[in-house]
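A.B. asks: Could you have a look at this structure, given as structure tokens, before my questions?
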């Protein structure tokens, strides 16, 4: 009578462990870059919110009906400085002060992003971003430009 073998031999177990090690070494670099991808997604999401804030303020300015109005009062009582006239700057939040109020920024902190004031406001993540991992807002035209080259 012969006995049937049960279980795995040591060689079989070693081969399986080696194969799993090779698969893990191949797959690991694919998941290492998740932090950069998350930062890029965060910047793009914030840029979308920035564009929406510009559109809401400009819409409120247009509905008010006066192209000479230099401020817009939002529904919650915030006053946003805007450009006047009928050109591209009409109703657009001006500079960092205008866009900062419309985005509900406190000081230089804006919901997880930092920003610098000026004619062109620059926003970047406060968790390791830089000017080339963020966006810029042109207060004269309302354009938002995203740069994620070094995120």
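A.B. asks: Being without any contact (Cβ under 8 Å) to a residue 60 or more places away in the chain, exposed (fewer than 10 other Cβ atoms within 10 Å of the Cβ) and either in contact with a strand residue (DSSP E or B) (Cβ under 9 Å, 6 or more places away or on another chain) or closer than 19 Å to residue 137 by Cβ (or both) is the requirement here; does residue 24 meet it?
C.D. replies: Answer is no for this residue.
A.B. asks: Hey, another quick one. Does residue 83 meet the test of being touching a helix residue (DSSP H, G or I) at 6+ places or on another chain (Cβ under 9 Å), within 16 Å of residue 67 (Cβ to Cβ) and in contact (Cβ under 8 Å) with a residue 40 or more places away in the chain?
C.D. replies: yes
A.B. asks: So residue 65 fits all but one of (1) out of contact with any strand residue (DSSP E or B) (no Cβ under 9 Å at 6 or more places or on another chain); (2) over 18 Å from residue 40 (Cβ atoms); (3) surrounded by 12 or more Cβ atoms within 10 Å (Cβ to Cβ); what number is the exception?
C.D. replies: Failed condition: (3).
A.B. asks: Please specify each residue of region 1-41 satisfying the condition of being closer than 27 Å to residue 132 by Cβ and at pLDDT below 90.
C.D. replies: Hits for region 1-41 are 29, 30, 31, 32, 33, 34, 35, 36, 37, 38, 39, 40.
A.B. asks: At pLDDT 80 or above and farther than 30 Å from residue 71 by Cβ: does that describe residue 148?
C.D. replies: yes
A.B. asks: Can I ask one more? Go through region 73-151 and tell me which strands (runs of 3 or more DSSP E), entirely inside it, have 3 or more residues that are buried (at least 16 other Cβ atoms within 10 Å of the Cβ) and in contact with a strand residue (DSSP E or B) (Cβ under 7 Å, 6 or more places away or on another chain).
C.D. replies: Result: 113-116, 120-125, 133-138, 144-148.
The values are calculated or read from the model by the stated rules, or taken from the named source; none is laboratory data. All figures in this text were calculated on a predicted structure; none of them were measured in a lab. Glycine gets a Cβ as well: all are built from the backbone with ideal geometry, and neighbour counts include every protein chain shown.
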